[in-house]
1. Nearest 10 degrees, 0 to 90: what angle lies between the long axis of helix A:18-27 and the longest principal axis of chain A (Cα atoms)?
2. At q = 0.15 Å⁻¹, what is the log10 ratio I(q)/I(0) for region A:301-435, with the Debye formula run over Cα points and no solvent?
3. Under 5 Å between amide hydrogens, which residues at least 5 positions from A:G215 or on another chain qualify, with H placed 1.01 Å from N in the peptide plane?
4. Could you give the size of the charge dipole of region B:289-410 about its Cα centre, using +1 on the Cβ of each K and R and -1 on the Cβ of each D and E, expressed in debye and rounded to the nearest 20?
5. For label points placed 7 Å from Cα toward Cβ, what is the shortest-first list of nm distances from A:H150 to its copies?
6. Set the Förster radius R0 to 45 Å, insert the Cβ-Cβ distance between A:T182 and B:F359 as r into 1/(1 + (r/R0)^6), and round the FRET efficiency to 0.05.
7. Run lengths n ≥ 4 of DSSP H only: what is the helix-derived mean residue ellipticity at 222 nm for the protein assembly as shown, with -39500 (n - 2.57) per run over all residues, to the nearest 500?
8. Share of region A:279-347's accessible area from carbon and sulfur, percent, 1.4 Å?
2 protein chains.
Amino acid sequence: MPALNRKELRLVWSDLSQDEQVGSFKKLSAIEAGRFFADLDAREQAKIILTLPLKERRLWLRALDPDDAADVIQETHEKERAALLEMLDMTTRSEVIALLTYAEDVAGGLMNTRYVGLRPDMNVDEAISYIRRRAREQVETIYYIYVLDHEQRLLGIASMRDLFQAAPDQKVQDIMKTQLITVSEHMDQEEISHLFAEHSLIALPVIDTDGRMKGVVTVDDIVDVVTEEATEDIQKIGGVEALDAPYLEISLMEMIRKRAGWLTILFVGEMLTASTMQLYEHELAKAVVLALFLPLIISSGGNAGSQASTLVIRAMALGEVKLRDVWRVIKREAAVGLSLGCILAFIGLLRVVIWQGMFKTYGEYYFQIGLVVAGSVVGVVLWGTLCGSFLPFVLRKFGLDPASASAPFVATLADVTGLIIYFSVASALLRGTLL
Amino acid sequence: MPALNRKELRLVWSDLSQDEQVGSFKKLSAIEAGRFFADLDAREQAKIILTLPLKERRLWLRALDPDDAADVIQETHEKERAALLEMLDMTTRSEVIALLTYAEDVAGGLMNTRYVGLRPDMNVDEAISYIRRRAREQVETIYYIYVLDHEQRLLGIASMRDLFQAAPDQKVQDIMKTQLITVSEHMDQEEISHLFAEHSLIALPVIDTDGRMKGVVTVDDIVDVVTEEATEDIQKIGGVEALDAPYLEISLMEMIRKRAGWLTILFVGEMLTASTMQLYEHELAKAVVLALFLPLIISSGGNAGSQASTLVIRAMALGEVKLRDVWRVIKREAAVGLSLGCILAFIGLLRVVIWQGMFKTYGEYYFQIGLVVAGSVVGVVLWGTLCGSFLPFVLRKFGLDPASASAPFVATLADVTGLIIYFSVASALLRGTLL
């Protein structure tokens, strides 16, 4: 492979084998390598670090900020972590260890501990000079400056713009904002991302139960979080356990393991349809024509349920719908389900009548059959819609993740009950004729 | 209703009726109202502005930055827009009109035109003083400073930190970064959000074809975009046309309209199953027991297809999988589909054998029936998986949105072919016995 520069390498990186990646990385000049490394995500950085000889590992690990180092260390296997931690200088090591105690997906696990703090009695000129000095060190964030008392408790926040707008002799405590939005160390990342979106923030301070400042979560981390959470939800709705890794990088065994579980649960649940059909075997034998519409009827219930549950799940995730909105949602969904059912029922009836006209497929009682199809479709679509919209609330109420009420699960629920609706309508309308 | 302060009002806002919202807003003091207004999204701001008397409308509209004013105006009906535009001062009006020419979801429609530009020959001290003066005006972004030539062409970018780290007499052109990431005015918002995520940026400059700077897209806009795009994808995967509005705010008519279209297409497609079953009506009449497993067989194909298509769609959206990866994906999915099919087939066979043992439900040829179920499940799951993973590539190749290969659509495709697989396997294995 020819030697690539930093930008070319970035473009082709994910297409290279591990060996090619390491080889190309080594061919970069020191400065290029440094910038390239900084642009990789934690997983990629961990991969590189672990392939390098020990002496170089230390170099690269020490080049990272504590929160990035913590991310890299979290991406490695347990047995490698102690060795990596040893390579950090003492201060960074204790910072990283502190960060590693947090789960990856809470404020503590996302935050950066290197921010600029000011004393409240500094004046604006002193503050700006201080910031200029601190900016030469590896301070991550100078978007906002945090005003702290002698016990690290957060008193207020000032932005660079606030400082610039003030007279040089004003005291920091006079210009700082005191109405603050803060997050606790254990706040879940999804909640944090909602705060960022709602208030259009660049950074959020993380404080402990005593009001002491622990670190800062910056919005670039949150963009990743929002994407990650959306991906998880999408995968759950599609009936897959969250993959937690890029699609092409998962091993086949891992892929099968994650998908077999859900697929098996659905399969076992769907076996109830075989038992349900057993109850109506008699009717089926008498009127085989009923079997012709089975897939059509039950799939319309499943599709209607999918739609409803997808919309409600997403609305819940975005905070548009809360638990107390359940009856409001059910009422809307009942109206929508009934309307959609009638539209489809009409099309279904039309189909039976037209086919009979063209091909004489359904025999003497074709119109009653058409009515059975239409009536069942109304019932099945209405019921599927209600199931699909209600299930997320039930799951949320029991503290479970509503996205698990994925479309396939709702479809399975709708299938079994749909069969009962179908054959009941058939028995009622075809009594004395076909049945 | 009692008078609420700004924070209380923010919490209950979405639960209030329009009249209550307007009433509570008017009860806020001028300063509280201003801060409250700034925190609302464009849709809410538009609602308030349109309910206010004309004189107050002007006040509120003029308080907005051009890009926010453009958003608000875009949220109002065509007939209201001219009147609102008239309320702006001439400079802002021409800026807003320029912004309104862009589609909402491209760089031009997201950008803010108020950024700080420097001449390359300024020195750092002059630059910082200049920035302090500009910060007093309504400049949105001072995270990055843009170095422009006399024709507004972008030469380089410097951050506040870069300026602070430099010696006061250095020239701006010596410290600015020249390797720049920029976006064109027409770049789609989803692409832009990928750039932000990949490079951990706070802001991106927008330039026209001559390299002239037009505005800046900031990351807080992008957080909204990422959520919006994810929501659209989720809704498409669940078989719904994108809603474009919070769930509880859409009218019933609108909801039905958006859902009926997709549901009808699926229903009409699924009618093919009725025609397909017609071909096998003879076999069904001879062996009614075959009907018992219909829902089970075809739903397993649909679920497997859902899984596959969901994963591939999301991987494509995140850039993890590209068009040229198609054969690699197909090979993986074939292996996964075969394995999953075998797992489910084994469970299916077990079910038949156990039920026969306990209830003697299936008669003399129960084992052959079990084999029919098992064989069909393997075929149907493998085929469903391949369909589900291939369809997004086909759609993408034809320039369509892969998320439209939503789970229900794939399920429908898998249903029709699944029937053929099922009855073919049945004919083969039950020839001479039940058939």
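The values are calculated or read from the model by the stated rules, or taken from the named source; none is laboratory data. Note that the coordinates shown come from a computational prediction; the quantities given were computed from them, not determined experimentally. When we count neighbours, we look across all protein chains shown, and the Cβ atoms used for this are built from the backbone with ideal geometry, even at glycine. In case anyone asks, the SASA skips ligands and DNA or RNA and just uses the protein heavy atoms, side chains included. Shrake-Rupley method; radii C 1.70, N 1.55, O 1.52, S 1.80 Å.
1. With rounding to tens, the tilt is 30 degrees.
2. Summing over Cα pairs of region A:301-435 leads to -0.72.
3. A:V206
4. Using Cβ point charges on Lys, Arg, Asp and Glu, region B:289-410 gives about 300 debye.
5. 5.8
6. 0.10
7. Working: 42 runs with 567 residues, N = 870.
So the helix-based figure for the protein assembly as shown works out to -21000 deg cm²/dmol.
8. C and S atoms contribute 67 percent here.
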